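Read the structure below first, then the notes.
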Amino acid sequence: MADYSPQSIEQKWQERWTATGAFEVTEDASKPPFYCLEMFAYPSGRAHVGHVRNYMIGDVVARLKRMQGANVLHPFGWDAFGMPAENAAIKNNLHPEQWTLDNIAHMKGQLQRLGISYAWGRELATCLPDYYHWNQWLFIRMFERDLAYRRRSTVNWCPSCLTVLANEQVIDGACWRCGTQVTSRELEQWFLRITHYAEELLEGANHLPDWPEKVLTMQRNWIGKSEGVQATFPIADVEGRATTHGIEIFTTRIDTIFGATFVLIAPEHELVETFASESADPASFRKKADRFRQQDRLGRMSGEVEKEGFDTGRRVMNPFTGETVPVWVANFVLGGYGTGAIMAVPAHDQRDFEFARKYGLPVQVVVKPVGGETTDDGATLTEAFTEFGESVHSDEFSGLATETAWETMAASAEARGIGQKTIQYRLKDWGVSRQRYWGTPIPMIHCPSCGVVPVPDDQLPVVLPKIVEFTGKGESPLAQLPEFVNVSCPKCGGAARRETDTMDTFFDSSWYFYRFTDAKNDKQAFDPVKCNYWAPVDFYSGGVEHAILHLIYSRFFTRVFRDLGMVSHDEPFARLLTQGMVLKDGQVMSKSKGNVVDPDEMIAKFGADALRLYVMFVAPPEKEVEWTDTGLEGSFRFLTRVWRFVEPLAGALGSAPTVADTAEFSAPERALRRKTHQTIAKLTDDLYPRVHLNTAISGLMELVNELYLFGDATGVFKPGRRAAAEQESAPVVPDVPASTLAAGREAVEALVRLMSPFAPHMAEELWELLGHTGGIVAAGWPVSDPAVAAEEAVELPVQVNGKVRGRVTVPAGSADDVVQAAALADPNVKAHTDGKTIVKVIVAAGRLVSVVVK
Ligand code: ANZ
Ligand code: ZN
């Protein structure tokens, strides 16, 4: 007997899988397709066991589905553009491309040594022209449909990375990459009109039953729909009379308009400049507004930045009260949301309340609690009353419930032509221009006479030139290359300038899952027929850190492809699983913390199968886990236990009779068969769609325990032989009845197939030793026979007048009268019924017998 030595087995099978292209697939119409995908990887250097966990979850599902007869697409690729490559290049004097391709080669080797069943023939890297060609193609399609457009805007600027950041990339006011405090800047930028799909993206979240609820909630909040009223407050002239100009405000509480005692405009508001130039001291006016604009946007909104403002000296008329009220500039009002101006209702909005108290502005109560007293007149209020209630001090609307007042006032504003109901979304259009080198060149040309002209499709891709100077100093590094920049206009032939910004790398990752369906196509992004065979992705797994950015952008791009007629569905990912992180010493694994566990080291010690099994056994996939070396040793011991049972018996079992050829089974044989079929049922149920990988592995462990018991009970292990088998190689001669071999064969063949998604190398090796040549996928997933899985006997408690007095064992599924007779015959029960009258006997099938006596 050869003892378990994972390294040689694993290498053998990995080589065979590669040589035979075992996981490559085509669009086979005779099989049901199943698209299994893990979020592709950023090639940062080396994979650690945290990554391994994500890829393992997908691999178990892919391998299971293959065995269940599906045509499984399980591809992998590289999210290969982005700043770290550029930063590393600057630091190590290595071209970003070299750095990236080296990392890809290394990480690919790591994944292959883990035996993940990827269709490597479809591998893609977003930094290669055959991929980003289609980024450019898609960008132009978006431009033609007004989904990509250019505008000057205030952008989030990272002073350390020297680049623009999308709102989603600013975390608590800091750069998501380097943590530097973000500032703002004015730049001409390219935007994608994701807001065109805001309502659809929101509504679509109601039709994703197989996504985690917390991810859907985050997306709904990100889209942030508010229903409100946009109303005009006319600007008053020096005499206090309304002029034809006005300030448009957006409010979600039109019912409080009688309490609007001042108006606030954002420092970004277009009237700021008008008011400044008309003020007594334009320079100081501008300076104050400028200071607010420099403050961090998120901090201004969340209240982390102290609320501040200044009086513009101008007044507007409240269109409901007819009174003139002052206009202030306030830092907590943001440009780019709503209309950038609000009616301040300090009695009912806490931010307005604090502002009013700080600057001594009037407070007017206009809502009181239903059935309660009018709170007060505003002078003694200590905080805003923000709840709904009943309108007061609101002329003819007084006495109405808030909800009614809302509708009535909105209707009144609409009727008088001073306002209208509107819907606002917090979601912003997506700024995709980056002033960096290592990204997809934006395929546009700026012509002095024709304006912005797309590069013609037949001149794509615009290849990223090889350069050596990556420090952009705030301007794109590509702008330093005259041979790249100077082109002739595709329209008029005149001298023109190429766009030098590159695309946000989130563009790349918003549609890579479609490219996998036709990864080598050089005529189009993908063939819609192939794509629609595979997509949408059936099972997608990855980190919860992508809950907003990547997942919402992908849902957006899916709708763009749909509207281009290229995909026939609305949602890219039917099922989403967000896996928990692997921690070490209570911390996230990261290079900088020096607590990374390298899978290669673990594979060298215990083998890939043990590592795979461990990361899946340690906790449910969604939960965080703490890495321990001892846990990995436990997995290795379990696999050794399997090996030492199966390997010595493999020859005998492989040629043994099958259960179908066997007429009679002894009690231990029946017990093993029962456990075998129960385990098949349990794993089938646990694995998909539930993905309860850890409990599935527990089930495998129980079956192995049962096999050892069976070995003892049937003489497969002669006295002393079991101990020997568990410790060391021991020749086990199966001089046992045919029925024992048949039951043993059934159990072992089930075990090997059931464990193959987790420990595929060992499973294939044992399967071959059992005499099968076709490989384990061809063998298929085992099917449980419910009749064999059913318990043979059940034990029931017997109550007499509510107290348990005995227990009886009866064959499972016995008729009630058989159970009743057995219960009454039990000596302990008899002792409590003798001499009494039996009033009734209730048999609760499978659970309990209850006897009532008098
Ligand atoms: C008057 C009012 C009275 C308001 C009241 C609230 C309560 P959401 O749900 O977030 O859309 N607002 C509007 N535009 C703003 C901007 N650009 N910057 C800062 N605040 C803005 O909230 C909309 C509410 O937030 C609006 O309704 C407005 O204040 C404020 F008792 O108007 B409200
Ligand atoms: Zn031109």
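The values are calculated or read from the model by the stated rules, or taken from the named source; none is laboratory data. Nothing here was measured: the structure is a model prediction, and the numbers come from that model. Cβ atoms come from the backbone with ideal geometry, glycine included; neighbour counts cover every protein chain shown. Heads up: the accessible areas ignore ligands, DNA and RNA and are worked out on the full protein's heavy atoms, side chains in. Shrake-Rupley method; radii C 1.70, N 1.55, O 1.52, S 1.80 Å.
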Using the basic label-point model (7 angstrom from Cα toward the beta carbon), what is the Glu248 to Gln11 distance in nanometres?
7.1
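How do Glu168, Glu199 rank by accessible surface area computed with a 1.4 Å probe, from largest to smallest?
Working: Glu168 25, Glu199 75 Å².
In descending accessible area the options line up as Glu199, Glu168.
Structure shown: which of Lys214/Lys682; Lys31/Lys65; Lys584/Lys623; Lys307/Lys421 lie over 21 Å apart, alpha-carbon to alpha-carbon?
On the way: Lys214/Lys682 28 Å; Lys31/Lys65 11 Å; Lys584/Lys623 14 Å; Lys307/Lys421 28 Å.
Cα-Cα > 21 Å for Lys214/Lys682; Lys307/Lys421; rest within.
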Pairwise label distance in nanometres, Ala495 with Asp816, each label 7 Å out on the Cα-Cβ vector
10.1
Would you compute the Debye intensity of segment 54-127 from its alpha-carbon atoms alone, equal scatterers and no solvent, and pass along log10 I(q)/I(0) at q = 0.25 Å⁻¹ to two decimals?
-1.11
How much of Leu361 can a 1.4 Å solvent probe reach, expressed as accessible area in Å² and rounded to 10?
20
From phi via Karplus (6.51, -1.76, 1.60), per-residue ³J(HN,Hα) for segment 202-209 in Hz, x at Gly/Pro
5, 5, x, 5, 7, 10, 10, x
How many Å² of accessible area per residue for the chain, probe 1.4 Å?
41
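Assign one of three labels to segment 556-657, namely rounded, prolate or oblate, based on the Cα gyration tensor with a ≥ b ≥ c the square roots of its eigenvalues; rounded applies when a/c is under 1.5, prolate when it is not and a/b is larger than b/c, and oblate otherwise.
Working: a/c = 3.25, a/b = 1.42, b/c = 2.28.
It comes out oblate by the Cα gyration axes.
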What number, in percent, do you get for the relative contact order of the chain if the mean sequence gap of Cα pairs under 8 Å and at least 6 apart is divided by its residue count?
14
Mind listing which trypsin sites (Lys or Arg not before Pro) in segment 598-649 are in a DSSP loop and have 14 or fewer other Cβ atoms within 10 Å?
Lys623
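Order Tyr533, Tyr35, most accessible first, counting only protein heavy atoms with a 1.4 angstrom probe. If you can, show how the numbers build up before the last one.
Numbers: Tyr533 45, Tyr35 0 Å².
Greatest to least solvent exposure: Tyr533, Tyr35.
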Given axes a ≥ b ≥ c from the Cα gyration tensor, I'd like to know whether the chain is rounded (a/c under 1.5), prolate (a/b larger than b/c) or oblate.
oblate
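Need one word for segment 225-425: rounded, prolate or oblate. Basis is the Cα gyration tensor (sqrt eigenvalues a ≥ b ≥ c); a/c below 1.5 gives rounded, then a/b vs b/c decides.
On the way: a/c = 1.66, a/b = 1.41, b/c = 1.18.
Verdict is prolate for segment 225-425.
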Can you tally the net charge around Met409? Count Lys and Arg as +1, Asp and Glu as -1, for every other residue whose Cβ sits under 13 Å from the Cβ of Met409.
-3
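Carbon and sulfur atoms: what percent of the 1.4 Å accessible area of the chain do they account for? Show your work: numbers first, answer last.
Values: 18300 of 35290 Å².
Heavy-atom surface of the chain belonging to carbon and sulfur, 1.4 Å probe: 52 percent.
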In debye to the nearest 20, how big a dipole does the chain give about its Cα centre with +1 on each Lys and Arg Cβ and -1 on each Asp and Glu Cβ?
1000
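Among the GluC sites (Glu not before Pro) in segment 788-854, which ones are in a DSSP loop with at most 13 other Cβ atoms within 10 Å of the Cβ? Mind listing them?
Numbers: sites: Glu791, Glu792, Glu795; in loops: Glu791, Glu792.
Those that pass, being in a loop and sparsely packed, are Glu791, Glu792.
Relative contact order for segment 793-853 using alpha-carbon pairs under 8 Å, separation at least 6, rounded to a whole percent?
Working: 107 pairs, mean separation 24.7, N = 61.
After rounding, I find 40 percent.
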Calculated log₁₀ intensity ratio I(q)/I(0) where the Debye formula runs over C-alpha points of segment 793-853, q = 0.22, 0.23 Å⁻¹
-0.76, -0.84
Local electrostatic count at Gly299 - Lys and Arg +1, Asp and Glu -1, tallied over other residues with Cβ under 10 Å
-2
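So which GluC sites (Glu not before Pro) in segment 461-520 end up in coil per DSSP with only 13 or fewer other C-beta atoms within 10 Å? Don't skip to the end; give the middle numbers.
Working: sites: Glu469, Glu475, Glu483, Glu499; in loops: Glu469, Glu475, Glu499.
For GluC sites (Glu not before Pro) across segment 461-520 that sit outside H, G, I, E and B with at most 13 neighbouring Cβ atoms in 10 Å, the list reads Glu469, Glu475.
Would you work out the relative contact order for segment 288-338, in percent, from Cα pairs under 8 angstrom that are 6 or more residues apart?
Numbers: 57 pairs, mean separation 18.6, N = 51.
Relative contact order of segment 288-338: 36 percent.
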Kirkwood hydrodynamic radius (Cα pairs, Å) of segment 18-144?
16.2
